[in-house]
Amino acid sequence: PQSPAVLSSLILTIDTVMAHLSLRLEGNSLPLTLEGSSAVADYAVVKMHPQSLNVSHYRFPSRGQSYISIPSEAFHGKAWITIVGLLYHNMHYFFDNINPVDTRIAEAAAYKGYMISASSYLISIKVEPLPQLSYNLSGSPLITIQLTHTLTPRQYSQALNKSNRVHLYCAFLDYSNGTGVWSNEGCVRESGDLNYSVCLCNHLTNFAILMQVVPLKLTREHQVALSSITYIGCALSIFCLTITLVTFAVLSSVSTIRNQRYHIHANLSCAVLLAQALLLASFQLSPATLPCKILAILLHFFFLSAFAWMLVEGFHLYSMVIKVFGSEESKHLYYYGIGWGCPLVICVISATSSLDSYGESGNCWLSLENGAIWAFVAPAMFVILVNIGILIAVTRVISRISADNYKVHGDANAFKLTAKAVAVLLPILGSSWIFGILAVNAHALVFQYIFAVFNSLQGFFMFLFHCLLNSEVRAAFKHKTKVWSLTSSSTRNINVKPFNSDIMTGNRPGTTPTKLNTWDKSTNSANRVDLSAV
């Protein structure tokens, strides 16, 4: 913590020693110029007559992208001029955690809690007698300072993040009160970008570019609206997912529901249900506490599990519609390994390597500062890209079969069913999380609302497509209701016919269906696809 104060005093000492050295430059060798470079700094000591300056400005250092330029018109009088210049190579690294309250930069002090760091070389120049400069920053002559930014990888990542606002200040060390305090009085940043800054100042001292990164915040109205959408949507999703799991459990004895596809649906529903329930609970906890840290790890695991089961949904769909691979038993093991095993491995590695990244940065989630968020973003992006590829491949197959059925039977509903299949698959395979990536940009507020709606209502969509609009589930529920009614009326002597796909479709055993299934391709039986696969 004492480093900035010690370093600022050291800089003042070096300036003082160099100034005394320059004042002792006498003899017949004038005008005199001493220039060089050391491990610490580039330096120049100059003693000359104003009339010997036959250029429009004096520049230190004479080469390079970072320099100070003094117009020749600022030098007045007939006395000899002494100039001492220093461009420090590494001094700026020690000014990396400056509290804005400890500066005289009003703009920076307005963002309390967001630390400032030096993002350029520290350059110093001293001229005796003082040059005559304009008091008004819009007048002339003024000192021109150009400094190349020396951003660390972390600073560069923060600056490129569209959810942050970057403030760059032309500042100097002010020793008027005895200690060096960063100030921007008498300086203005005229131009520049993320790579360099050009400043105009009406005085001479030690200069540097200071950077302050401030996260963009939504207005109170948008925060309330997005929070309300999240609370209502998650509560509705939890309710719908609970009904979905209960429905699958009740109908598990029916043969058409007791298959691998509904096992996948149930595991995905369970992962999303637990993730959204924990998400609602996390809003009630304070960051940087042990419960918040534990909840952040659990949230990471269950949201990863939700994505992993979305990937399993995509793989299973691919194996049913496009290419069959593996036996039912082997696929069962693979699916559970992907759905629960892979997220567990990722979470264990992430938690053991960067435990401090959980539940510390304002909420019970992964930190956005040190790259730990990639332990969630990278797997999620992988799942989204793979599932988008599977969605395109499946849609092409279904569209081709629909077109063939239309040619054979003239059934226009096939195209409607294709559109329905795509609508079903988009939210289930995680495609709605694309809006989450777009929502990072604060200028795209609409994507934040779209993402909040789609993500919080994911459970509702799963209930809608897996239960409410699923013909197999509806038929199984009708069969189960019939069994219950027969049982309750004590008519045990009535034989209830087994529930199978023939009864569901209205065909008698051993007979040929009167009409080709909508998803059958008459020309090639190998491409037969059942809508239930979608």
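The values are calculated or read from the model by the stated rules, or taken from the named source; none is laboratory data. Not measured: the values here are computed from a predicted model. Here Cβ is always computed from backbone atoms with ideal geometry, including for glycine, and neighbour counts include all displayed protein chains. Just the protein is used for accessible areas: all its heavy atoms, side chains included, with ligands, DNA and RNA removed. Shrake-Rupley method; radii C 1.70, N 1.55, O 1.52, S 1.80 Å.
Overview of values
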{"quantity": "Elements of type strands (runs of 3 or more DSSP E) contained in region 1-118, each with 1 or more residues being surrounded by 12 or more Cβ atoms within 10 Å (Cβ to Cβ) and touching a residue at least 40 places away in the same chain (Cβ under 8 Å)", "calculated": "41-48, 57-60, 67-71, 81-88, 116-118"}
{"quantity": "Number of positions in region 246-279 that are closer than 14 Å to residue 459 by Cα and either of a type in the set (Gly, Ala, Ser) or surrounded by fewer than 17 Cβ atoms within 10 Å (Cβ to Cβ) (or both)", "calculated": "6"}
{"quantity": "Test: residue in region 395-412 that is within 34 Å of the chain's Cα centre (by Cα) and at pLDDT below 80", "calculated": "no"}
{"quantity": "Residue 214 farther than 30 Å from residue 14 by Cα, among the aliphatic types (A, V, I, L, M), at pLDDT 90 or above and assigned to a strand (DSSP E or B)", "calculated": "no"}
{"quantity": "Condition broken by residue 176, with the remaining ones in (1) within 24 Å of residue 200 (Cβ to Cβ); (2) touching a residue at least 24 places away in the same chain (Cβ under 8 Å); (3) not hydrophobic (A, V, I, L, M, F, W, C) satisfied", "calculated": "(2)"}
{"quantity": "Per-region count, region 340-386, residues in contact with a Phe, Trp or Tyr (Cβ under 9 Å, 6 or more places away or on another chain) and of a type outside the set (A, V, I, L, M, F, W, C)", "calculated": "7"}
{"quantity": "Any hit, region 413-431, residues being part of a helix (DSSP H, G or I), at pLDDT 75 or above and of a type in the set (Phe, Trp, Tyr)", "calculated": "no"}
{"quantity": "Answer residue from region 472-499, given it is under 19 Å from residue 259 (Cβ atoms) and open to solvent by 70 Å² or more (accessible area, probe 1.4 Å) and is modelled with the lowest pLDDT among those", "calculated": "498"}
{"quantity": "Test set (1) free of Cβ contacts under 8 Å to residues at least 24 places away in the same chain; (2) part of a loop (DSSP other than H, G, I, E, B) - residue 285 fails condition number", "calculated": "(1)"}
